[in-house]
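For reference, the structure discussed in these notes is given below.
The values are calculated or read from the model by the stated rules, or taken from the named source; none is laboratory data. What you see is a predicted model; the values in this text were computed from it and never measured. Reconstructed Cβ throughout: ideal geometry from the backbone, glycine too, with neighbour counts over all protein chains shown. The protein model used for the area step is the full one, side chains on, heavy atoms only, and it has no ligands, DNA or RNA in it. Shrake-Rupley method; radii C 1.70, N 1.55, O 1.52, S 1.80 Å.
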Amino acid sequence: MADHRRPGYLVIGVNDDGSRNGTIVDEQFIQTLLGYRTDGRIVPPPAMAVGKFVYPDGEVAVVEVQPSFFPPARYKGKVCVRIGPRKGVANEAEERILSEKRSSFARSFDTRPCYGISAQSDSTGHKKSRPLAVKPVPAADAAPAPTPGPAPKKVRKPYEMKVPKDRIVLDLNAANWIRHDQANGFRTRAYSRGLNLYGMYDLQIKKSRVSFAFGAGISFVDIYNNSTLYDSTGGSGAKFTPMPNYPDTVKLNKVAMTYIDIPLELRIRSNRDRFDQVWKVNIGFKAGIRIDAYTRTIYKDPRESERLKPYPDFNLWRMGPTLRIGYSSFNFTAYYGVLGVFKSDRGPNLNEWSFGISFNGL
């Protein structure tokens, strides 16, 4: 029955009078029934289980389907509903009613009220600094002119290390994935984005043009794609399935990940006495740990947002070489991840890469 919020059961191998019809329920038959949850024909995919029961007069397969908390459910792009005693395809008004039920089940953070926040908020301004009054100092009595003598020898200025200005590094990247196995319709957008914010400390090596830098920071990666990511709970690994009618019905679909990184760099400068206004070549390596991963989909009509997590098959770690080349506080940066995006044999064989611009003038 509609909206009873209880599991539904499909019994296969039984006639209308209750007798067995001789259906053979083998492993292949069970796999065929389970394939409906991952082949993309039913969106969103249902939570279902298949059981086999053996009786003296035959075998029976029972499919248990849990109620969906993300209505409307579409089969081959159509929403099927029961209208009185008969079945039919939902019209626009009926789909809108089902979409409102989805919003009540899974509301994103930007549609929830902020309790405890008043209508008015305090605002404090910054005190304007005033120039300090400098009291003029009377000039001292003029010293007598020195007697002419031999010209002094030119003394070489002692070496003085200046404070580095690239302790804060901001990277704006174009990120993407390289796929090494068969795509099966999965495509990423030509331009996805990433952002790195690091704090680094520079140690010069024996008053030379070479220095070593280390630090820590946070990194964000958003990969835009055309597919739905299915979890591997009880399965063989994560799987991307292309969305039907993409991008006609979907405005945005992305996989977002957040990392805590530890970058290391060997830096070479064109001038050993300066840290700014010089050419720089930085060869490095960074390693990070994933602290968040989720998918987000924004539909066009009706306009709604869907955010799903967690996904246990993503690799917890990432690492790889980095390169930064530029002048002064403006640089180009690149990175390639040697570890796969997913755990071994738990998803597609993907590697991350990024290329962008770096600002380090603070």
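A few notes on this one:
- Under the Karplus curve 6.51 cos²θ - 1.76 cosθ + 1.60, θ = phi - 60°, whole-Hz ³J(HN,Hα) for the range 60-75, x wherever Gly or Pro sits: 9, 10, 10, 9, 9, 10, 6, x, 8, 9, 10, x, x, 8, 10, 10
- Whole-angstrom gap from the range 303-334 to the range 49-83, using each part's C-alpha centre: 40 Å
- Low-density loop positions, trypsin sites (Lys or Arg not before Pro), the range 11-85 - DSSP coil, at most 16 other Cβ in 10 Å: ARG41, LYS76
- Annotation: amide H-H contacts under 5 Å for VAL14 (H modelled 1.01 Å from N, sequence separation of 5 or more, or interchain): ASN21.
- Of the residues LEU323, LEU33, ranked by 1.4 Å probe accessible area with the largest first, the sequence reads LEU323, LEU33.
- Residues whose amide H lies under 5 Å from that of ARG74, counting only those 5 or more places away or on a different chain, are VAL43; hydrogens are built 1.01 Å from N in the peptide plane.
- Surface accessible to a 1.4 Å probe, ILE289 within the full protein complex, Å²: 60 Å²
- Reachable aspartates and glutamates from LYS280, criterion Cα separation under 19 angstrom, eight or more residues apart if same chain: ASP166, ASP171, ASP202, GLU265
- Loop sites in the range 239-343: trypsin sites (Lys or Arg not before Pro), DSSP, at most 11 other Cβ within 10 Å: ARG303
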